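First the structure, in the form of structure tokens, and then the observations on it.
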Amino acid sequence: MTHTLDLELARKVLAAQPFSRLVGARLTAFEAGGATLEFDIRDDLLQQHGTVHGGVLGYAADNALTFAAGSAAGPAVTTAGFSIDFLRPARGRLLRARARVVRAGRTRVVCRCELSTVDAEGTETLCAVAQGSIAVLEPVPA
């Protein structure tokens, strides 16, 4: 399938999501088969132990997975389900979620995502992995 999605359009889609604006999410890469979402780690995104809240990591995985799927199937996609495994506490200055398409079908796109933190020295540490199934929606009649 060929789609005319590009980084500029994908960033407009992200900017239209109120929660994405709330966390300060940025789409830093969007190409055929993949997407990268980043945001600064702030105190209000942490849980009581000083690490990024699991719900925030889930948001990052969900959105990165869906944008990766959209790069292959077009903009009419939505998450059907995903799982996430937390590997270590997420600490650092930046959260980066990189997602890639595993298989793009006609009605479902399966993607994987790696979530990493980046510290002040630029060292990246893997903190979670996720896999999702993204549904390709039927076009809405005009």
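The values are calculated or read from the model by the stated rules, or taken from the named source; none is laboratory data. Since the structure is predicted, the reported quantities are computational estimates derived from the model, not experimental observations. Neighbour counts run over all protein chains shown; Cβ positions are idealised from the backbone, glycine included. These area figures cover heavy atoms from the full protein model, side chains too; ligands, DNA and RNA do not enter into them. Shrake-Rupley method; radii C 1.70, N 1.55, O 1.52, S 1.80 Å.
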Within-13-Å neighbourhood charge of Asp85 [Cβ basis; K, R +1; D, E -1]
+1
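Of the peptides 44-50, 72-78, how do they stack up when ordered by the mean number of other Cβ atoms within 10 Å, highest first? Before the final figure, lay out the partial values.
Working: 44-50: 11.3, 72-78: 17.1.
Top of the packing list down: 72-78, 44-50.
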At most 13 other Cβ atoms within 10 Å plus a DSSP loop assignment makes a site exposed; report the longest stretch of the chain without any exposed trypsin sites (Lys or Arg not before Pro).
43-92
Backbone HN-Hα couplings from phi across the range 63-78 [Karplus 6.51/-1.76/1.60, Hz, Gly and Pro as x]
5, 5, 4, 5, 5, 4, 4, x, 5, 9, 10, x, x, 8, 9, 8
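Leaving ligands, DNA and RNA out of it, report the carbon-plus-sulfur percent of the accessible area of the chain at a 1.4 Å probe.
Answer for the chain: carbon and sulfur cover 53 percent of the accessible area.
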Projecting each Cα onto the charge dipole of the chain (Lys/Arg +1, Asp/Glu -1 at the beta carbon, about the Cα centre), which of Thr78, Gln48, Asn63 comes out farthest on the positive side?
Thr78
Dipole in debye (nearest 20) - the range 32-142, about Cα centre, beta carbon charges: Lys, Arg +1; Asp, Glu -1:
420 debye
At 1.4 Å probe radius, can you tell me the per residue accessible area of the chain in Å²?
55 Å²
